[in-house]
Every structure is written in C-alpha cells, then in structure tokens.
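Student: Following this message is one structure expressed as structure tokens.
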Amino acid sequence: MAQIRISPLVPLQPLLPLFHRLNREHFGGALTLEGQPLSSVRWSDGRMSRTAGYYKRGPGVGNGRGSEIVLSRPLLEPLPQEAIESTLCHEMIHAWVDLILQRRESHGPLFRARMATINAAQDRFQVSVRHRYPVPARPPRWCAVCPSCGSRYPYRRRITNAACRRCCDLHHGGRWHASCLLQFEAWT
C-alpha cells in the first residue's frame, strides 16, 4: 500500500459539493432526493480523533434526516484530498447499502462489491475497508504497579481486577491471585 504523505494544513473544503459529485459519479444520484442528500453530511467538531469517519442512522440523527455521515476534522485535515474523497466515499457506501438497498451490514458482500466497482471505475483514490491514516498515539494516563515484583505497566484506562501476569505465573500456577492485583497511579 502506498504511503500517505502529510501535507501542510489547508482549509477544509465544504463536504456537500464533494458528496454531490461522488453521488453522481458512483451512486447514480441515488443518495439524494430532490437535490437534497438523504443523510446529513458534516465535518466533526474536532473531538473525533480515533476514526476517519462514520455513518450513523437512528431517530434524532442528522438534523432530523435520520442518518448522517461525519468525517474527522483532526485526522483528515493534514492529509491530501484523496484521503477525504476515499473516506467520504467509504461512508457513502454504508449509506447506500443502508438507505437504498435497505440492508444491515457493515463491510459485507454488498459493501465490498460496491467498493470494488468504485475502485475499478476511477484512479483518483482507492476506497478500502480499513483506512491506514496516521493516528496520533495517545499517551498513557495510568501506570499499573505490581505490589509483588514492582513491575510498572502503562495503561490508557484503569482496569478492575487486573493482575500481574508474571507474578501469577511464577507464584500461583498461572491463576489469577489477589496478591498480584495491579495498583493504578496517575502517569507522570
């Protein structure tokens, strides 16, 4: 797979014109009704930092439309245009399978067939099941300390009843034991 180059930050483009172009080119206009998208399409508010985009459906979603496509501003802003197009098209396939074909599937055969058709029809970008965009690593928030051996392990969240594997293996035949229960401290 080609490496993704991070470009200097440029202002994010409005998504609606891109949505309409992709809808015409790859979905035969099926994702609009009387010129309006069937799903709300928007950039995230800046907090979405672990996934490039998502499609969601349900009551009260998408300003009353019942579904929405949201793209991650923090992840996609520094990437080239192809990453935005690929992500939006990926989420549009989810909307197409759900709203047009009226099927509930994640990345099943209907999704993969449409993805293959889109990828074969053009070479500006490639739609994939999983994006491989650079996601900034989050530092650990907690340090787990074994009271028996003093080993320290980084954790992003506190976990109840977690025990030191090494001490459980050495002293208790590989079975969980309360004497090996990890104690959590704030990461410094």
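Student: Run the numbers on the chain and let me know its relative contact order in percent, using alpha-carbon pairs under 8 Å that are six or more apart.
Tutor: On the way: 259 pairs, mean separation 28.9, N = 188.
Worked out over the chain, it gives 15 percent.
Student: Can you work out the base-10 log of I(q)/I(0) for the stretch 15-121 at q = 0.20 1/Å, using the Debye formula on its C-alpha atoms alone?
Tutor: -1.09
Student: Once you wrap a convex hull around the alpha carbon atoms of the stretch 142-186, what is its projected area averaged over all directions, in nm²?
Tutor: Values: hull surface 10.8 nm².
If I average the Cα hull's projected area over directions, I get 2.7 nm².
Student: Could you work out the Rg to Rh ratio of the chain, with Rh taken as the Kirkwood radius (inverse of the mean 1/r over all Cα pairs)? Don't skip to the end; give the middle numbers.
Tutor: Working: Rg = 22.4 Å, Rh = 19.5 Å.
Rg/Rh for the chain comes to 1.15.
Student: Looking at the stretch 39-127, what % of its DSSP beta bridges pair antiparallel, to the nearest 5?
Tutor: Numbers: 5 of 9 bridges.
Around 55 percent antiparallel, to the nearest 5.
Student: Separate question: What residue among Tyr55, Ala30, Trp176 has its Cα farthest toward the positive end of the dipole of the chain, where the charges are +1 on Lys, Arg and -1 on Asp, Glu, each on the Cβ?
Tutor: Value computed over the given set: Trp176.
Taken together, the values in this text are just the output of simple stated rules run on the coordinates, not laboratory data. Given the structure is predicted, the values throughout are model-derived calculations rather than measurements. We place every Cβ from the backbone using ideal geometry, glycine too, and count neighbours over all the protein chains shown.
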